[in-house]
Amino acid sequence: MSESVASGQTFEGAPGHRRDARSELFLLAVANMVGEDTFYERAHERDLRYRELVARLAVDDFDWLRGLLGWLRRDAGLRSASLAGALEAVRARLAARRHGGNRQLVASVLLRPDEPGEALAYWTGRYGRAVPKPVKRGIADAAVRLYTERSLLKYDTESRAFRFGDVLDLTHPVAADARQGLLFRHALDRRHRRGDPVPEGLATLRARAALTRLAPEERRALLLRADAAERLAEAGMTWEAVAGWGQGLMDAAAWRAVLPSMGSMARLRNLRNFDEAGLSDEVAEQVAEPLADPAEVARSRQLPMRYLAAHRAAGPRWAPALERALQASLGNVPELPGRTLVLVDRSASMFFGLSGRSTLRAADAAAVFGAALALRAERADLVQFGTTHQPVHFRKGDPLLRVVERFGDLGGTNTAQAVRDHYRGHDRVVIVTDEQAWQGDPGADPTAAVPERVPVYTWNLAGYRYGHGPSGTGNRHVFAGLSDAAFGMVRLVEAGLAARWPWEARD
């Protein structure tokens with residue numbers, strides 16, 4: 001939730017509302033993909049703004065910032081923003097001679113085995129090889145927690161700027177036990193190409209070494225054996241490793257052998273590959289069943305947009321499972337009581353990519369979010385808007401993906417007119433947008449047509465400095481990002497259970 005503190009203009013010239021430092025950083029952090037452009041701002045401008053806000057709050061409001069960065073990493077799943085934020089925060093605190101909690105902050109945002117190396121790459125790339133002790137120690141703590149045989153096999157590759165051995169050389173972590181001590185020494189041997197054999201105590205690495213020694217024809221024969229899946233699992237073989245080990249031959253036999261070792265995310269990404277390899281319908285059913293299982297969907301923590309991307313890329317036999325998975329991924333969407341007006345921005349700037357690593361656009365994310373809220377609400381009107389506006393018709397029980405397909409491209413950003421023409425005494429209004437409303441009469445405050453007693457929730461998908469209307473006062477709220485946490489915000493606010501920020505919420 002954010003506050004407006006000054007006036008300015010949106011990029012399209014409409015009146016804009018400046019946010020305070022906390023609110024601006026929150027909005028920017030959850031909407032920004034570090035190092036990437038958006039429709040109206042270049043990457044370096046957004047990244048600089050992010051670093052400046054982090055540095056300011058690291059000194060002035062460290063407890064709040066620590067809460068934000070932890071929430072970004074664990075709940076919102078935003079790796080780049082949390083990692084860069086923690087390192088920039090520590091740098092600012094050291095410059096201001098603030099020494100408490102820096103090591104712990106760095107360690108807290110490193111949750112994946114490649115992230116200690118990424119942290120070193122970020123720091124040295126920006127500030128040189130002199131790494132401060134709190135940064136080194138925080139990275140070392142994370143390495144002890146994250147470095148295992150399987151993580152070494154998956155993440156310690158030559159493509160990394162910092163290998164496991166580099167992290168160990170620079171940060172000097174103390175192994176948790178004798179087995180990890182063996183692992184650390186072997187990681188150093190790998191990095192420095194000493195060619196020493198894998199120690200006896202590292203069974204997974206020894207199994208991988210045995211598979212690597214097989215001749216190409218022996219590797220193919222192994223994939224056809226009844227115990228192929230067990231052999232691959234013992235050696236920690238991911239599907240990527242099997243593809244390289246098998247010299248790119250990922251036919252149906254190879255996929256069958258590695259499927260038991262694949263997580264739901266890996267399976268989701270490879271549906272098209274399964275089809276191209278000729279995976280049988282019988283095996284495909286075995287893939288689809290857990291893919292659509294609500295418990296597995298919850299464990300995977302995949303965003304709804306991931307299922308939309310998979311649905312667009314995969315063949316038709318996967319559609320039923322993906323639709324069920326998408327529905328399951330929206331378990332946190334509140335069943336809002338009363339009447340809800342949901343407006344989804346379909347202007348040109350919304351068709352900018354969410355990230356360089358995704359084929360989905362902000363418009364896709366907005367359509368999924370808005371349609372899900374409308375379908376789950378007791379009674380809802382769903383509207384798409386741009387230069388013009390029009391209802392998106394649906395009935396209770398319609399598949400979410402079918403509703404998403406009814407959205408179009410509507411040009412400009414006449415937000416205020418869409419609100420004026422469709423607000424009819426609703427109990428709440430939800431606007432999913434990048435907030436870049438038009439100037440002039442069409443750019444009037446979009447919330448003005450809604451009585452002050454009625455809450456208006458704006459979801460900003462881009463994090464630009466100025467928003468289209470006031471926020472943080474009365475019943476005007478601005479949120480950002482479309483993580484699982486986003487879907488619960490309306491319910492928390494209206495139940496009176498929300499703290500000032502999502503990480504402060506208590507049951």
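Tell me, which residue of the range 146-168 that is among the hydroxyl-bearing types (Ser, Thr, Tyr) and surrounded by 18 or more Cβ atoms within 10 Å (Cβ to Cβ) is nearest to Tyr122 (Cα to Cα)?
Here the residue is Tyr155.
Taking the options Gly440, Gly488, Gly474, name whichever one is surrounded by fewer than 20 Cβ atoms within 10 Å (Cβ to Cβ), closer than 18 Å to Gly370 by Cβ and modelled with pLDDT under 85.
So the residue among Gly440, Gly488, Gly474 that is surrounded by fewer than 20 Cβ atoms within 10 Å (Cβ to Cβ), closer than 18 Å to Gly370 by Cβ and modelled with pLDDT under 85 is Gly488.
Pick out the one residue from Gln327, Gln286 that is surrounded by fewer than 20 Cβ atoms within 10 Å (Cβ to Cβ) and polar (S, T, N, Q).
Gln286
Taking the condition under 30 Å from the mean Cα position of the chain (by Cα) and in a helix (DSSP H, G or I), does Arg185 pass?
No: the conditions fail for Arg185.
Determine whether the range 350-365 contains at least one residue that is surrounded by fewer than 23 Cβ atoms within 10 Å (Cβ to Cβ), touching a Pro at 6+ places or on another chain (Cβ under 7 Å) and either of a type in the set (Asp, Glu) or not assigned by TED's automatic domain parsing to the domain that holds Arg491 (or both).
No, the range 350-365 contains no residue that is surrounded by fewer than 23 Cβ atoms within 10 Å (Cβ to Cβ), touching a Pro at 6+ places or on another chain (Cβ under 7 Å) and either of a type in the set (Asp, Glu) or not assigned by TED's automatic domain parsing to the domain that holds Arg491 (or both).
Do we find a residue being surrounded by 18 or more Cβ atoms within 10 Å (Cβ to Cβ) and among the hydroxyl-bearing types (Ser, Thr, Tyr) anywhere in the range 110-129?
yes
Given the residues Ala226, Ala210, which is the only one that is hydrophobic (A, V, I, L, M, F, W, C), part of a helix (DSSP H, G or I) and surrounded by fewer than 19 Cβ atoms within 10 Å (Cβ to Cβ)?
Ala210
Scan the range 390-428 residue by residue and report those that are in contact (Cβ under 8 Å) with a residue 24 or more places away in the chain and within 26 Å of the chain's Cα centre (by Cα).
Answer for the range 390-428, where residues must be in contact (Cβ under 8 Å) with a residue 24 or more places away in the chain and within 26 Å of the chain's Cα centre (by Cα): Pro399, Leu400, Leu401, Val403, Val404, Phe407, Gly408, Asp409.
Does any residue of the range 199-220 turn out to be more than 30 Å from Arg93 (Cα to Cα) and β-branched (Val, Ile, Thr)?
yes
Assess whether Leu211 counts as being hydrophobic (A, V, I, L, M, F, W, C), modelled with pLDDT of 95 or more, in the same structural domain as Arg97 (by TED's automatic domain parsing) and out of contact with any strand residue (DSSP E or B) (no Cβ under 9 Å at 6 or more places or on another chain).
no
Quick one: how many residues across the range 157-174 are of a type outside the set (Gly, Ala, Ser) and touching a Gly at 6+ places or on another chain (Cβ under 8 Å)?
Total satisfying the criteria: 6.
All but one of (1) assigned to a loop (DSSP other than H, G, I, E, B); (2) surrounded by 15 or more Cβ atoms within 10 Å (Cβ to Cβ) hold for Ala143; state the number of the condition that does not hold.
Going through (1) assigned to a loop (DSSP other than H, G, I, E, B); (2) surrounded by 15 or more Cβ atoms within 10 Å (Cβ to Cβ) one by one, Ala143 breaks only (1).
Looking at the range 188-200, which of its residues are outside any helix (DSSP H, G or I) and in contact (Cβ under 8 Å) with a residue 24 or more places away in the chain?
Within the range 188-200, just His192 meets the criteria.
Yes or no: the range 301-309 includes at least one residue that is of a type outside the set (Val, Ile, Thr) and either surrounded by fewer than 16 Cβ atoms within 10 Å (Cβ to Cβ) or at pLDDT 90 or above (or both).
For the range 301-309, residues of a type outside the set (Val, Ile, Thr) and either surrounded by fewer than 16 Cβ atoms within 10 Å (Cβ to Cβ) or at pLDDT 90 or above (or both): present.
What are the pairs with Cβ atoms under 8 angstrom where one residue, in the range 169-186, is surrounded by fewer than 16 Cβ atoms within 10 Å (Cβ to Cβ) and the other, located anywhere, is basic (Lys, Arg)? Sequence gap at least six, or different chains.
Close Cβ pairs (under 8 Å, with a partner that is basic (Lys, Arg)) amount to Asp169/Arg191; His172/Lys136.
Condition first: assigned to a helix (DSSP H, G or I), under 24 Å from Val456 (Cα atoms) and at pLDDT 85 or above. Now tell me which residues in the range 314-350 satisfy that.
Of everything in the range 314-350, those that are assigned to a helix (DSSP H, G or I), under 24 Å from Val456 (Cα atoms) and at pLDDT 85 or above turn out to be Ala348, Met350.
For the list (1) farther than 22 Å from Val242 by Cα; (2) modelled with pLDDT under 95, I need the number of the one condition that Leu223 fails.
(1)
Among residues belonging to the range 125-139 that are in a helix (DSSP H, G or I) and over 25 Å from the mean Cα position of the chain (by Cα), point out the one that is farthest from Thr171 (Cα to Cα).
Tyr127
Just to be sure I understand the filter: pairs with C-beta atoms under 6 Å, separated by 6 or more residues or on different chains, first member in the range 272-285 and touching a residue at least 12 places away in the same chain (Cβ under 8 Å) and not assigned by TED's automatic domain parsing to the domain that holds Ala321, second member of a type in the set (Gly, Ala, Ser) and part of a helix (DSSP H, G or I). Which pairs pass?
Arg272/Ala313; Ala277/Ala252; Gly278/Ala252; Leu279/Ala252
Can you tell me which residue in the range 44-76 is modelled with the highest pLDDT, limited to those that are farther than 15 Å from Ala21 by Cα and basic (Lys, Arg)?
Going through the qualifying residues, I end up with Arg73.
What about Leu205, is it touching a His at 6+ places or on another chain (Cβ under 8 Å) and at pLDDT 95 or above?
Yes; evaluated as a whole, the condition is true for this residue.
The values are calculated or read from the model by the stated rules, or taken from the named source; none is laboratory data. These numbers come from a predicted model, not from an experiment. Cβ sites come from the backbone with ideal geometry, for glycine too, and all protein chains shown count toward neighbours.
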